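First comes the structure, then the notes that go with it.
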Amino acid sequence: MDPTTDNAGQTGDPGNARAALEALRAEIAKAVVGQDPAVTGLVVALLCRGHVLLEGVPGVAKTLLVRALASALELDTKRVQFTPDLMPSDVTGSLVYDTRTAEFSFQPGPVFTNLLLADEINRTPPKTQSSLLEAMEERQVTVDGTPRLLPEPFLVAATQNPVEYEGTYPLPEAQLDRFLLKLTIPLPSREDEINVLTRHAEGFNPRDLHAAGVRPVAGPAALEAARAAVAKTAISPEITAYVVDICRATRESPSLTLGVSPRGATALLATSRAWAWLTGRDYVIPDDVKALALPTLRHRVQLRPEAEMEGVTADSVINAILAHVPVPR
């Protein structure tokens, strides 16, 4: 079976599953130009059953990227536009009184889906932001004391504008730590921006991805086969120690007030494993850890105010640590 056909999502073979997930890049590229690292991050998150935070200035196709991913997957998807007046029940659902039966019945919110696009999550107050905490960690929603399981697979892809923009509510550390990856969406290069404008001049409509030729190339069966294969990817004791040393170094950095927790170390091990499998190996090497260190750790550390004033960034601190921690041979 050709993994790039519409039926590719039904294959359970690990080799075909890898090809189907790799084909996501080609499908998403039909709608989004020059964001390969972000696409790879989204695929890694799917493999690790994790959630993704996409950060970038307005207008760099964050929402389009997630919508294109949803179109290339045979998964149910819903979108929530986070606004200052959004209530938690608008996300999770609520009990509604039925006049015909004189009883309350639960009306599921948009969180009951496979892929939830939480658009501009930092434009809503912390009370509503926290409504996603249980869903992201426990994969269930509790309303009126009754827990209700979410569908499997379940992924939250949240977009946010940089925190220095007006009208934003920074996500608390506890919620940031629930995101497996934080992907930064940069402004496009000159060549990519020319490509974007050329597409629009030729009639590309970002609200009609089907017309752009984006088709489903992977589904639940391929995803489950891929996850099973990733779980068998070998990790040597030396690689495990390397991940621990990197994370412990963040806790000792003079530029940081908050280092990476053990949960962050577990996340780095998981993402490195997924990346190793995607690149065609059944074992993890140090380069896999280095490749995923920034997106996995950058949102789990907190800079000291004086370091921030000097222009130090989380990425620069992590890069310095990667350059300093001995690499296993």
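Sort 123-132, 269-278 for me by packing, meaning the mean count of neighbouring Cβ atoms within 10 Å per residue, highest on top. Could the numbers behind the result be given before it?
Details: 123-132: 18.8, 269-278: 24.4.
Top of the packing list down: 269-278, 123-132.
Once the principal axes of the Cα atoms of region 173-329 are found, what is the range along each, listed largest first in whole angstroms?
Reported extents, whole Å, longest axis first: 53, 44, 31.
Packing-wise, with mean Cβ within 10 Å as the measure, how do 99-107, 86-94 rank, highest first?
Details: 99-107: 9.3, 86-94: 17.4.
Taking the mean over residues of other Cβ atoms within 10 Å, the ranking is 86-94, 99-107.
What does the charge add up to near Leu183, with Lys and Arg as +1, Asp and Glu as -1, over the other residues with Cβ less than 10 Å from its Cβ? Intermediate results must be reported in sequence, preceding the final value.
Numbers: positive: Lys62, Lys182, Arg298; negative: Glu55.
Surrounding charge for Leu183 is +2.
Taking 0.36 nm per intervening residue step and subtracting the Cα-Cα distance, what contour gain separates Arg199 from Glu173 on full extension? Could you put the intermediate results ahead of the total?
Values: separation 26, 0.36 × 26 = 9.36 nm, distance 3.94 nm.
Extending this stretch completely gives an extra 5.4 nm.
Using a probe of 1.4 angstrom, how much of the accessible area of the chain is carbon and sulfur, in percent?
Working: 8300 of 15430 Å².
In the chain, the share of accessible area belonging to carbon and sulfur is 54 percent.
When we measure straight from the Cα of Lys62, which lysines land under 26 angstrom away, once same-chain ones fewer than 8 places off are left out?
Partners within reach: Lys30, Lys78, Lys127, Lys182, Lys290.
Determine the per residue accessible area of the chain with all protein chains present and a 1.4 angstrom probe, expressed in square angstrom.
Values: 15430 Å² over 329 residues.
So the chain comes to 47 Å² accessible per residue, rounded to a whole number.
Only helical DSSP H runs with n ≥ 4 go in: add -39500 (n - 2.57) per run for the chain, normalise by residue count and round the 222 nm mean residue ellipticity to 500 deg cm²/dmol. Present the calculation step by step, with values, prior to reporting the outcome.
Values: 14 runs with 144 residues, N = 329.
The per-residue figure over the chain is -13000 deg cm²/dmol.
Using the Karplus equation 6.51 cos²θ - 1.76 cosθ + 1.60 (θ = phi - 60°), what ³J(HN,Hα) coupling, rounded to whole Hz, does each residue of region 72-79 give in order, writing x for Gly and Pro?
Result, ordered by residue: 8, 10, 8, 10, 6, 9, 9, 10 Hz.
If I ignore ligands, DNA and RNA and count only protein heavy atoms, how much of His324 is accessible to a 1.4 Å probe, in Å² to the nearest 10?
For His324, the solvent-accessible surface is approximately 150 Å².
Rounded to the nearest 0.05, what FRET efficiency do Val96 and Arg304 give with R0 = 51 Å and r taken as the Cβ-Cβ distance? Could you check? List each step's numbers first, then the result.
On the way: r = 48 Å, r/R0 = 0.95.
Approximately 0.60, to the nearest 0.05.
Report the extension gain between Thr142 and Arg25 in nm, rounded to one decimal, defined as 0.36 nm multiplied by the number of residues separating them, less their alpha carbon distance.
On the way: separation 117, 0.36 × 117 = 42.12 nm, distance 3.58 nm.
The Thr142-Arg25 span can extend by a further 38.5 nm.
Give me the distance in nm between label points sitting 7 Å out from Cα along the Cα-to-Cβ direction at Arg281 and Gln107, one decimal.
Reported label-point gap for Arg281 and Gln107 is 5.2 nm.
Using Cα-Cα distances under 8 Å and only pairs 6 or more residues apart, what relative contact order does the chain have, in percent?
On the way: 593 pairs, mean separation 76.9, N = 329.
It rounds to 23 percent for the chain.
Once the whole set of protein chains is in place, how much accessible area is left on Ile321, using a 1.4 Å probe, in Å² to the nearest 10?
It works out to around 20 Å².
The values are calculated or read from the model by the stated rules, or taken from the named source; none is laboratory data. Because the structure is predicted, anything quoted here is derived from the model rather than measured. Methodologically, a virtual Cβ is constructed for each residue, glycine included, from the backbone with ideal geometry; neighbour enumeration extends over all protein chains shown. Surface accessibility is based on the protein's heavy atoms, side chains included, excluding ligands, DNA and RNA. Shrake-Rupley method; radii C 1.70, N 1.55, O 1.52, S 1.80 Å.
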